[in-house]
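Note sheet for the following structure.
The values are calculated or read from the model by the stated rules, or taken from the named source; none is laboratory data. As the structure is a prediction and not an experimental result, all values here were calculated from the model. Because the Cβ atoms are built from the backbone with ideal geometry, glycine has one as well, and the counts that use them run over all protein chains shown. Ligands, DNA and RNA are stripped out before the accessible areas are found, and what is left, the full protein with its side chains, is counted by its heavy atoms. Shrake-Rupley method; radii C 1.70, N 1.55, O 1.52, S 1.80 Å.
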Amino acid sequence: RQDARIIVGLFYETEARKVFCEVFKEKLYGKKVVWFLIGWYADNWFKIKDPAINCTVENMTEAVEGHVTTEIVMLNPETIKGASNLTSQEFIAALLVSVSAGDAKYPRTV
């Protein structure tokens, strides 16, 4: 039987560093633990010197190994058609119509 832990976190970077320092201390990482972090994180956010934590860069690097981060998708303000042959504004308008109509599928055409 496979057993794993999936943990979702929504933190600012400063708080994420505190959390992952504790993750390291409590050994809440490894092959059977996956962390999903929702938010916008700078490159190497866990390596930034932070006087609020008492973990080394090596500790932090070990604790975050294998984590997954997400970031907000910015819509293109230009009126350029993308892969869907829609502008960002056309896609959002079609999506809103589809969602309010209760259609679970993304719009294929406008």
*asked:* Residue pairs, Cβ under 7 Å, 6 or more apart or interchain, first in the stretch 42-66 and farther than 23 Å from residue 8 by Cβ, second open to solvent by 60 Å² or more (accessible area, probe 1.4 Å). List them.
replied: 57/47
*Restricting the stretch 62-84 to residues that are among the hydroxyl-bearing types (Ser, Thr, Tyr) and farther than 18 Å from residue 7 by Cβ, which is surrounded by the most Cβ atoms within 10 Å (Cβ to Cβ)?*
84
*Within the stretch 57-78, how many residues turn out to be touching a helix residue (DSSP H, G or I) at 6+ places or on another chain (Cβ under 7 Å) and at pLDDT below 95?*
2
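Just to verify a result, which residue in the stretch 1-56, among those that are assigned to a loop (DSSP other than H, G, I, E, B), polar (S, T, N, Q) and at pLDDT 90 or above, is surrounded by the fewest Cβ atoms within 10 Å (Cβ to Cβ)?
Here is the first cut: in the stretch 1-56, the ones assigned to a loop (DSSP other than H, G, I, E, B) are 1-4, 10-12, 27-32, 39-44, 48-56.
Filter once more, keeping what is polar (S, T, N, Q): 2, 44, 54, 56.
Pick out the ones that are also at pLDDT 90 or above and you get 44, 54, 56.
Details: 44: 11, 54: 9, 56: 11.
Across the stretch 1-56, the extreme among qualifying residues is 54.
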*Taking residue 87, is it among the polar types (S, T, N, Q) and open to solvent by 50 Å² or more (accessible area, probe 1.4 Å)?*
no
_Only listed residue being of a type in the set (S, T, N, Q) and within 17 Å of the chain's Cα centre (by Cα), chosen from 61, 70, 87, 56_ = 70
_Just to check your reading of the model, which residue among 31, 47 is out of contact with any helix residue (DSSP H, G or I) (no Cβ under 8 Å at 6 or more places or on another chain) and not hydrophobic (A, V, I, L, M, F, W, C)?_
31
*Residue ID - modelled with the highest pLDDT, chosen from residues in the stretch 84-98 that are closer than 19 Å to residue 74 by Cβ and polar (S, T, N, Q)*: 87
